[in-house]
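Below is one structure, written out as structure tokens, with a few remarks after it.
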Amino acid sequence: MELQALTRVWKLSPPASALLLAFLQFRREPHGRLAHLARLEPRDLPAALEELRSRGLVQPGPGRDRRLGLADAETFERLARRAAARAGADLDRLELELEVVRDVREAVGRPSITVISPRERARADDEPPRPVAEYLRALFPYLDLRLGTRCNFNCRYCLLGHEKRGTRSLPELEADLRHGRRLGLECLSLTGGEPSLHPDLLRVIRRARALGYRRVILVTNASLLASGRNLDRLLDAGIDAVGFSFDAPDAEVSRRLWRRDAYAQVLEGIRRVMEHDEIVVGSISVLTRLNLRLLPELVRRLAELARGRRGLYLPAIDFVMPEENAWTDRRMLVPRLREAAPHLEAALDEARRLDLPLVFRGVPACVMPAHREWDMERYMSIFEVVDLGDRSRQHRAGLDFLRHKPPSCATCAHRRGCLGVYRAYANLYGTRELRPVPPAPAEERPCAS
């Protein structure tokens, strides 16, 4: 949710609001990392930081600790209520937002698992197209289990840019598997990094099956699936769904995006996956400035790779998230939404012509209202389950902080189902491209006699 009341009572600028949300998600950080963590242009940081400091919201650590962090929870809430009283703000809304802040701060540094589930649909016309519905029934909800951050690629859009590369231990992974089963989850997605690099991958898959997971998904760049019997061993261990990454129908563009010359290996790995009709297959292509003009050709290549396949296959195009690596290379990678939309629409039209059930994510409804039924974000929800020791808490506030909806979105016909833009995108380009779609006129009905 947007922290509208807190932003208003302190009269925070958009950069200061973004910095406040960033501070909520870590304890203390050195000054030199703040602009990157908040996804702010360096020139915007000094003024934003001064806004928070002048209101008493940000303080250095004790003693010689010069790292910066939020004021303690008691002080933060006292300052918020005092500012709200002076501003005559909506106190009920303020208390709701302070409760969200408490949840987020309590979760910082705590172990958690990520769950991806179908989204509740309020109306019958929210029913997804048949291939999307089949995909949701086959795989959702599922535990999204990261096996580590080690990878054989270094993609320019990777969300793990700052993290040290390594793998998680088998006992740690098993604890998350058990947590997921306690929550009643029966589907599991193994992600990374590149999960096929984990030395205990086959043991993780077999353990998941033994614990009762009925579906195990491997999310991979597919480069290692082209070697020997790697794919066969994974299928024998219990993998029965694969999601692969494929961003361009061009070897040179792929090399620039992946920073690895592996186009031939990836294609061969994908071909081997597609031969198995018994498994569910999905793919993700990340839309960037480097590949947006190639999107219709990309669709044709995906259709060619899937030709003759009888099993379920759902491809997706995701607008690049301006986070971590993509934020570092933002000028090179992140197009404006209305620059990208015509190319994405052409890809969707080409997919319909080829009978390929292409979906997309990360583009607000007002930018592409004509293709709304193929917007996968209408049908899925992501949340975290945080382990607080004596209890677990489910919330999505930290994930919601990655998105932003300006006040004008309140009048849009799609306000309930649309997640807005990535907050980092708003920091980079603003939100003037978002033009609310007027609600359809109410159908006239005769009065009851």
| said: I'd like the orientation of helix 201-211 relative to the chain: the angle between its Cα long axis and the longest Cα principal axis, in ° from 0 to 90, rounded to 10. | reply: 80
| said: Full-extension gain between ALA73 and GLU172, please, as 0.36 nm times their residue separation minus the C-alpha to C-alpha distance. | reply: 32.6 nm
| request: Give the long-range amide H neighbours of SER381: residues separated by 5 or more places, or on another chain, with amide H under 5 Å away, using H modelled in the peptide plane at 1.01 Å from N. | output: SER117, ARG119
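Would you mind getting the Kirkwood hydrodynamic radius of the chain from its Cα pairs, rounded to one decimal in Å?
On the way: mean 1/r = 0.0425 Å⁻¹.
About 23.6 Å for the chain.
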| field | Relative contact order (%) - criterion: Cα under 8 Å, at least six apart; region: the range 4-109 | value | 34
| note | Nearest 10, in degrees from 0 to 90: the angle of helix 170-182 to the longest Cα principal axis of the chain is 80
| Can you give the FRET efficiency for LEU202 and GLU304, using 1/(1 + (r/R0)^6), R0 = 41 Å, r = Cβ-Cβ distance, to the nearest 0.05? | 0.85
| message | If you build the convex hull over the alpha carbons only and average its shadow over all orientations, what do you get for the range 195-321? Give it in nm² to one decimal. | response | 8.1
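Got the relative contact order for the chain handy, in percent, Cα pairs under 8 Å and 6 or more residues apart?
Values: 738 pairs, mean separation 69.6, N = 449.
Result for the chain is 15 percent.
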| message | Please report the antiparallel percentage of DSSP beta bridges with both residues in the chain, rounded to the nearest 5. | response | 40
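Please arrange ILE239, ILE270, ILE116 by how many other C-beta atoms lie within 10 Å of their C-beta, fewest to most.
Working: ILE239 23, ILE270 26, ILE116 16.
Ranked by crowding around the Cβ, least crowded first: ILE116, ILE239, ILE270.
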| request: Please determine, in degrees from 0 to 90 and to the nearest 10, the orientation of helix 295-305 with respect to the longest principal axis defined by the Cα atoms of the chain, where the helix direction is its Cα long axis. | output: 40
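Taken together, the values in this text are just the output of simple stated rules run on the coordinates, not laboratory data. In this text, all values refer to a predicted model and were calculated from it rather than measured experimentally. Backbone-built Cβ (ideal geometry, glycine too); neighbour counts: all protein chains shown.
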